[in-house]
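The values are calculated or read from the model by the stated rules, or taken from the named source; none is laboratory data. Only a predicted model underlies this, so the values are computations on that prediction, with no experimental measurement involved. Ideal geometry is used to build each Cβ from the backbone, glycine not excepted, and the neighbour counts take in all protein chains shown. Calculation scope for accessible area: heavy atoms of the full protein, side chains included, ligands and nucleic acids excluded. Shrake-Rupley method; radii C 1.70, N 1.55, O 1.52, S 1.80 Å.
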Amino acid sequence: MHLAELQDLMDRTYGTRDRERGLPAGVAWLAEEVGELAQALRKGSVAQQREEFADVLAWVATLANVAGIDLGTALERYAHGCPKCGCIPCTC
């Protein structure tokens, strides 16, 4: 799935509820999911880790939607490697 597809899917599935919830609540949900991902990476199975990565990505897409940010455009920052030094691998 491409980022634009993910953002569209999250918007169609949860968009109305997410906009009503607002950015602060969405950030709180993302933080909770990042915590669950950290725990899964320390102690969880590969299946649990996969689920938590999906949840984190879904919440990032949701927050981008609520904020009006296109993730594909945002990631252009990394299109040529490190945004500071421009190298691959980074030499900063």
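Here are some notes:
- Other residues whose C-beta falls under 14 angstrom from the C-beta of GLY15 contribute a net charge of 0, scoring Lys and Arg +1 and Asp and Glu -1.
- Ligands, DNA and RNA are left out, and with a 1.4 angstrom probe the accessible area of the chain is 70 Å² per residue.
- Positive minus negative residues near GLU32 (Lys, Arg vs Asp, Glu; Cβ under 11 Å): -4
- Using the average count of surrounding beta-carbon atoms within 10 Å as a protection proxy, the listed peptides 19-26, 2-9, 62-69 rank, highest first, as 62-69, 2-9, 19-26.
- Surface share of carbon and sulfur [accessible, 1.4 angstrom probe, percent] for the chain: 58
- Residue-by-residue Karplus 3J(HN,Hα) for the stretch 73-83, coefficients 6.51, -1.76, 1.60, Hz, glycine and proline x: 5, 4, 6, 4, 4, 9, 4, 10, x, 4, x
- For TYR14, the accessible area of its heavy atoms, probed at 1.4 Å with every protein chain present, is near 90 square angstrom.
- Over the chain, all Cα pairs binned in 10 Å intervals from 0 give whole-percent P(r) values of 16, 35, 35, 13, 1, listed from short to long.
- Only DSSP H runs of four or more residues enter the estimate; each adds -39500 (n - 2.57), and after division by the residues of the chain the mean residue ellipticity at 222 nm equals -24000 deg cm²/dmol.
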